[in-house]
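Data first, discussion second: the structure below is written as structure tokens.
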Amino acid sequence: AAAETPYRFAVAGHELTVIAADGFDVTPTTTDTLIIGMAQRYDVLVTLKSGAWPIVAKVEGRDGYASSVLRSNDAAPLPNPDVGGSIAELGGRLLPESALRPADSVRLESRSPDRDYRVELIQAGDRYVWGMAGPDAGKLVMREGERIRITMANNSTMWHPMHTHGHTFAVPEYGGLRRDTVNVLPGTELAIEFDADNPGEWMFHCHNAYHFEAGMTANLRYIR
Ligand SMILES: [Cu+2]
């Protein structure tokens, strides 16, 4: 829910079993901690042990955190433990989204794309101006029923959580992982694929609110 803040999430004394990404089932995968980009969601299972266990969402790369406490009904009386945003699990096994794989039930059928677009994610000089560039960026058009691929080339030094409206996508490089917001890391390329099954005009943008406001956005537009 943050505008420009990725969080590293963990539960003290417990491991997490990730079962869904942005509402799409994944092959259940255990980890100690997860980094959650802006607009991304995860479903995790936790098998609760007896006690009062801090839950921490620590701002990645900077100070600051949000926290709560998970209590079993036989936990010691209040007050809750105060861990100041620091629990060992935050430094434990980290599961990158690239290691997640879709559950078979949510896979997109394999199909070659009807349209294969490429956009660049750029910062203009050293100013706070962000954009989507390249010959395709202003004309991401499609017809209903087509399979669309968009390759995003991140030529900037920041990562961008890229999000589609009206559609969810598969990430071929991540075994077809399904979701609607994927982080494109600095200096890397990543492709998404989706079916054009929801006619209209839809935004496709970075979910860093400041990047988006500065121009890192384009339209997905249906034509007849
Ligand atoms: Cu961005």
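Throughout, read-outs are computed from the coordinates displayed, never taken from laboratory work. Please read all numbers here as calculations on a predicted model, not as lab measurements. Glycine gets a Cβ as well: all are built from the backbone with ideal geometry, and neighbour counts include every protein chain shown.
Mean 1/r over all different Cα pairs, inverted: what Kirkwood radius does the chain give, in Å?
18.9
How much length, in nm to one decimal, is gained on full extension between Ala209 and Arg118, taken as 0.36 nm per residue of separation minus their Cα-Cα distance?
Full-extension gain reported as 30.5 nm.
When Rg is the radius of gyration of the Cα atoms in the range 107-222 and Rh is its Kirkwood radius, what does Rg/Rh come to?
Here the Rg-to-Rh quotient is 0.95.
For the residue pair Asp197 and Glu109, what label-to-label distance in nm results when each label sits 7 Å from Cα along the Cα-to-beta-carbon direction?
1.0
Please give, to one decimal in nm, the separation of the simple spin-label points placed at Glu173 and Val59, each 7 Å out from Cα toward the Cβ.
About 2.9 nm, to one decimal.
Kindly list the residues of the range 46-61 that lie in the label zone of Asp74, defined by a backbone N under 14 Å from the point 7 Å along the Cα-to-C-beta vector.
Taking a point 7 Å out along Cα→Cβ of Asp74, the residues of the range 46-61 whose backbone N falls under 14 Å are 48-52.
Would you mind checking the range 92-118 for residues with the amide N under 15 Å from a putative spin-label position 7 Å along Cα→C-beta of Ile223?
Answer for this model: 114-118.
Using 0.36 nm times the number of residues separating Ala2 and Ser50, minus their current alpha carbon distance, what extension gain do you get?
Full extension from Ala2 to Ser50 adds 14.1 nm.
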